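Encoded as structure tokens, the structure appears first; notes follow it.
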Amino acid sequence: MSGNRSLLLLFFIGIPLFAVEEEISQHYKSGMDAYKKGQYDLAIQEFESILSNNWDSPELYYNFGNAFFRSGNTAGAVWAFESCLNLSPTHSDAKYNLKLANLKVIDRMDLPDPPLYLQWYLGLKEQFTPTTWINITLFIFFLFSLSVTVNRLFLFSLVQNLRGVILTIFFMSLFLTFHSIWTDNSLNLGVIYSLKAEVRSEPNTFSTRLFEVHEGLKVSINQLENDWVEIELLDGKTGWISNDQIRLIQ
Amino acid sequence: MIRAFIFSLMATLIWADESVNVTVDRRDIVEGESITLTVTTNNVKSDPELQLPEMPDFKVVSGPNQSSSTNVQFINGKMTKNSTITLSWNLIPKRTGQLTIPAMKIQAGKKSYLSTPITISVSKRGSSQAGKVAQFFIEAKVDNNTPYRGEQTTLTYTLYTKVDVTSFDDDVPSFKGFWTEELYAPKNLKLREERKNGVKYYAATIKKIALFPTQSGKIIIEPMSAVIGIREKQQRWNDFSLFGPPSKKYTISTRELSIDVKPLPARENGNISAIVGNWNIKSEVSTSRIKQDEAITFKVIINGTGNLQTVDMTEIYFPNELEVFDPEIESKENPLRDKIGGEKKFEWVLIPRFAGDIFIPKIQLNYFDPKQGKWVTKSTSRHKLNVAPNEKALISTIGLSKEEVELMGEDIRFIDESQPKWRNRNRALVTGTALTFLLLSGMVFAFPHAQNITKQRMEKSSGGWQARRALISAFGILDSAPDSPEEIYTHIYRSIINYINKKNGTKKIEYSTEEIIEIIKSHDGAEVYKEFEQILTRGEAVRFAPVSSQDAQNDMQKIKDLLKKVDHVW
């Protein structure tokens with residue numbers, strides 16, 4: 001009887017999930033077909049409707065970026081490729097296409113390369129998303145717990161030596177996880193979405209106009225106030241723009 | 001005297017009888033002419049209450065117009081008072097034939113009246129049945145009764161008259177289901193001679209309207225009504241008016257028109273649009289030899305006949321090498337104004353950002369040609385731009401990294417066609433996988449501890465049972481002792497060892513008297529160990545110094561009491 005009930009419960013939970021997945025798959029397919037036919041605006045429309053249903057994937061953002069690029073929307077392309085890399089930091093095609101999209105961005109801002117050890121460390125950290133880092137760390141912790149238990153039960157000297165190595169890797173992974181989560185939560189990024197945006201000293205239209213930014217520029221977001229966003233450029237310049245001129249990287 | 005006169009006047013004041021009449025001014029009319037429906041109440045003190053019945057064959061053009069009058073007459077010293085309230089409506093028949101104004105329920109004062117239905121004979125204009133020639137009428141005509149959706153059909157309203165018209169005030173219906181544009185609407189009517197149904201009339205075009213159906217299927221154009229002022233003939237020689245002969249106003253209307261709109265057919269290749277008509281497209285660039293980062297203009301010109309509003313070219317994809325600015329759009333309507341159409345010009349400013357040959361692709365215009373009854377695709381020619389490198393641009397690329405310079409001129413990689421792994425955007429940072437690893441780790445860590453605890457518990461539970469049975473077991477040994485004193489002391493010794501083993505969970509066979517005393521001491525609250533020591537010492541000495549059987553029995557009893565005492569605190 002209880003078995004039947006569980007099956008029924010699974011059925012009722014499962015049916016809407018399948019229906020949602022089918023709906024987004026349909027939008028995705030329509031978007032892909034539209035892209036292949038050169039109807040890039042239609043493709044963008046279909047992909048947007050998937051996002052509005054709160055579903056995404058690295059593949060979606062990548063193809064979304066291509067559709068934006070083809071339709072001449074540089075800001076959209078940069079935003080989509082950045083979002084793709086946020087979910088899948090090792091997506092090589094997205095990295096390549098993002099470089100091409102960035103060539104069209106008017107505002108160019110590059111910081112000097114960090115030292116080699118920092119590059120290596122940041123490269124390692126950005127290999128995975130915070131969620132993947134949590135999974136990796138907990139897997140290492142599981143290995144460590146196994147080694148401790150086996151050692152306690154069977155007193156293998158080999159396991160005893162291995163335990164130290166696993167513990168070291170665990171702490172390294174834990175550090176990277178915390179850093180990754182901290183970066184993800186504290187550093188909100190966005191892309192300038194209007195052709196030209198005037199950056200002001202205060203969140204209102206009467207304040208002093210500080211400088212201008214153009215579409216496609218990636219900026220950090222410090223804070224939000226009503227309809228205004230405080231942005232920070234790579235070179236440290238800060239100011240306020242209207243929130244309809246920026247799109248948050250997912 | 002005066003009072004007597006007033007009294008006599010009041011006494012002779014007579015109200016005429018109440019009556020209600022429903023009349024029409026004419027019962028025999030020609031289509032397009034109006035009739036006046038009048039409800040008259042006589043000597044009813046309050047206003048009549050009535051609602052016009054549903055009249056599917058008539059259109060109410062105006063009304064109700066209310067008027068009232070009171071008439072007092074003295075006849076043979078009797079005063080008669082007549083009061084009349086009149087309500088009137090102007091009605092226009094929607095079709096020809098015998099039409100009926102249904103019976104009306106009229107509430108006049110406290111009484112209610114029911115009128116009889118009135119039949120109106122509406123004859124077709126120009127028919128012999130009419131027996132008379134219409135003096136004036138208006139007519140609506142469309143040049144195409146079966147247009148395609150989006151195709152122009154021109155609606156013309158014409159006034160025909162044989163008499164002098166002093167004023168003309170039209171009421172154009174709302175054209176539901178059409179996009180409209182007025183083609184012709186003169187301020188003063190221009191009359192021309194025209195024969196209609198064999199009769200000579202003066203005709204004037206009142207309005208010309210271009211209609212573009214926005215839906216397919218049957219669409220009804222409601223009749224247009226107009227109030228026309230007609231100069232009346234002077235009846236008598238002294239009917240002189242400073243403003244000329246008086247004119248009378250009539251309400252007339254056109255017939256209802258029905259348009260059957262054909263849907264646009266499907267096209268095999270699917271290249272369709274909302275554009276209908278006959279169009280041409282051409283494009284031009286200001287110059288084809290330019291320098292990088294210099295602006296050029298690119299124009300697409302579309303001209304022809306049809307609804308210019310539907311012509312749109314803003315969704316054009318230019319090569320990525322070009323920076324494209326929003327187009328300027330300029331529309332010029334067709335000056336001939338007979339067929340709506342004209343020219344629409346789209347002008348883009350393009351800036352080539354890369355040197356080399358850049359091609360502006362052909363631009364296609366898909367439209368439906370109603371004359372040919374098929375879809376047509378026309379396209380512009382392809383333009384080749386020869387872009388020379390700009391030295392300034394080369395300098396600007398210095399800001400680019402070596403890798404970025406190499407990327408210039410490259411194209412993006414193709415779309416990813418693999419099946420996406422969908423992810424809910426509202427999902428938590430910690431996933432089920434992470435929680436599983438955490439749970440497994442906890443379980444693995446806890447395993448040895450759990451094992452130990454289980455083992456201890458098992459041991460403890462079995463030891464406890466043994467300990468609880470220690471006294472009984474010891475008493476059993478004592479009770480099974482034979483009568484010989486030596487045997488009794490041996491059983492006393494064995495019972496003590498058995499008691500200690502069971503209590504401690506040990507299985508030791510031999511204990512020295514000192515060991516036994518030490519153990520008893522550690523659990524003795526009542527200091528009974530000394531008595532234990534005495535009995536055990538006597539037991540050791542029994543072989544050398546014989547003890548009476550009675551003493552041995554006493555010692556056995558004593559040991560039982562001592563064990564009870566010890567067991568009480570152990």
| Residues being more than 7 Å from every other protein chain (Cβ to nearest Cβ) and within 15 Å of A:Leu87 (Cβ to Cβ) - total across segment B:411-427 | 1
| query | If we keep just the residues of segment A:123-153 that are of a type in the set (Gly, Ala, Ser) and closer than 14 Å to A:Val165 by Cα, which is farthest from the other protein chains (Cβ to nearest Cβ)? | reply | A:Ser147
| said: I need a count of the residues in segment B:185-220 that are polar (S, T, N, Q), in a loop (DSSP other than H, G, I, E, B) and modelled with pLDDT of 85 or more. | reply: 3
| Which ones in segment B:221-234 are surrounded by fewer than 21 Cβ atoms within 10 Å (Cβ to Cβ) and either modelled with pLDDT of 90 or more or in contact with a Pro (Cβ under 9 Å, 6 or more places away or on another chain) (or both)? | B:Glu222, B:Arg231, B:Glu232, B:Lys233, B:Gln234
| Does B:Glu533 meet the test of being acidic (Asp, Glu), closer than 30 Å to B:Arg457 by Cα and part of a helix (DSSP H, G or I)? | no
| query | Quick one: in segment B:536-560, which of the residues that are of a type in the set (D, E, K, R) and part of a helix (DSSP H, G or I) is surrounded by the fewest Cβ atoms within 10 Å (Cβ to Cβ)? | reply | B:Glu540
| Hey, among A:Lys99, A:Lys104, which residue is outside any helix (DSSP H, G or I) and either buried (at least 20 other Cβ atoms within 10 Å of the Cβ) or of a type in the set (D, E, K, R) (or both)? | A:Lys104
| field | Test set (1) modelled with pLDDT under 90; (2) hydrophobic (A, V, I, L, M, F, W, C); (3) surrounded by fewer than 18 Cβ atoms within 10 Å (Cβ to Cβ) - A:Met172 fails condition number | value | (1)
| note | Taking segment B:323-335 and keeping only residues that are at pLDDT 85 or above and away from every other protein chain (no Cβ under 14 Å), one is left with B:Glu328, B:Ile329, B:Glu330, B:Ser331, B:Lys332
| On the given criteria, is B:Lys339 outside any loop (DSSP other than H, G, I, E, B) and assigned by TED's automatic domain parsing to the domain that holds B:Ser381? | no
| field | Residues that are exposed (fewer than 14 other Cβ atoms within 10 Å of the Cβ) and on the phi > 0 side of the Ramachandran plot, drawn from segment A:204-250 | value | A:Asn226, A:Gly236
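To keep it simple, each residue is scored yes or no on (1) of a type outside the set (Val, Ile, Thr); (2) surrounded by 11 or more Cβ atoms within 10 Å (Cβ to Cβ); (3) within 14 Å of chain A (Cβ to nearest Cβ); (4) closer than 22 Å to B:Gln534 by Cα.
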| position | (1), (2), (3), (4) |
| --- | --- |
| B:Leu439 | yes, yes, yes, no |
| B:Pro448 | yes, yes, yes, no |
| B:Ile492 | no, yes, no, yes |
| B:Tyr499 | yes, yes, no, yes |
| field | Criterion: modelled with pLDDT of 85 or more, outside the structural domain of B:Asn90 (by TED's automatic domain parsing) and in contact with a Gly (Cβ under 8 Å, 6 or more places away or on another chain) - qualifying residue of B:Thr305, B:Thr287, B:Thr297 | value | B:Thr305
| All positions within segment A:52-87 that are facing chain B (nearest Cβ under 9 Å), farther than 25 Å from A:Trp133 by Cα and touching a residue at least 40 places away in the same chain (Cβ under 8 Å) | A:Ala77
| task | Check A:Thr90 against each of (1) in a helix (DSSP H, G or I); (2) more than 9 Å from chain B (Cβ to nearest Cβ) and name the one condition it does not meet. | result | (1)
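Condition check ((1) part of a strand (DSSP E or B); (2) more than 29 Å from B:Phe137 (Cβ to Cβ); (3) of a type outside the set (A, V, I, L, M)) across all residues:
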residue	(1), (2), (3)
B:Ser69	yes, yes, yes
B:Gln73	yes, yes, yes
B:Met79	yes, yes, no
B:Ser83	yes, yes, yes
B:Ser88	yes, no, yes
B:Thr100	yes, no, yes
B:Thr119	yes, no, yes
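Results for (1) of a type in the set (Gly, Ala, Ser); (2) at pLDDT below 85, shown as yes or no for each residue.
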| position | (1), (2) |
| --- | --- |
| B:Arg427 | no, yes |
| B:Val430 | no, yes |
| B:Thr436 | no, no |
| B:Leu440 | no, no |
| B:Met443 | no, no |
| B:Ile453 | no, no |
| B:Arg457 | no, yes |
| B:Arg469 | no, yes |
| B:Ala474 | yes, no |
| query | Scanning for something away from every other protein chain (no Cβ under 14 Å), closer than 30 Å to B:Val444 by Cβ and in contact (Cβ under 8 Å) with a residue 40 or more places away in the chain, does segment A:158-174 turn up at least one residue? | reply | no
| query | Counting just the residues of segment B:415-437 that are of a type in the set (A, V, I, L, M, F, W, C), closer than 18 Å to A:Trp55 by Cβ and out of contact with any Phe, Trp or Tyr (no Cβ under 9 Å at 6 or more places or on another chain), which one comes out surrounded by the most Cβ atoms within 10 Å (Cβ to Cβ)? | reply | B:Leu429
| message | Step by step: first the residues of segment B:311-322, then only those that are facing chain A (nearest Cβ under 8 Å) and not aromatic (Phe, Trp, Tyr), then the one that is surrounded by the most Cβ atoms within 10 Å (Cβ to Cβ). Which residue is that? | response | B:Asn320
| remark: Selection from segment B:350-367 of residues touching a Gly at 6+ places or on another chain (Cβ under 7 Å) and hydrophobic (A, V, I, L, M, F, W, C) yields B:Phe354
| request: Can you tell me which residue within segment A:234-250, out of those that are more than 23 Å from A:Leu98 (Cα to Cα) and touching a residue at least 40 places away in the same chain (Cβ under 8 Å), is farthest from the other protein chains (Cβ to nearest Cβ)? | output: A:Trp240
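The values are calculated or read from the model by the stated rules, or taken from the named source; none is laboratory data. Bear in mind that the values here come from a model prediction, so they are computed numbers and not experimental data. When we count neighbours, we look across all protein chains shown, and the Cβ atoms used for this are built from the backbone with ideal geometry, even at glycine.
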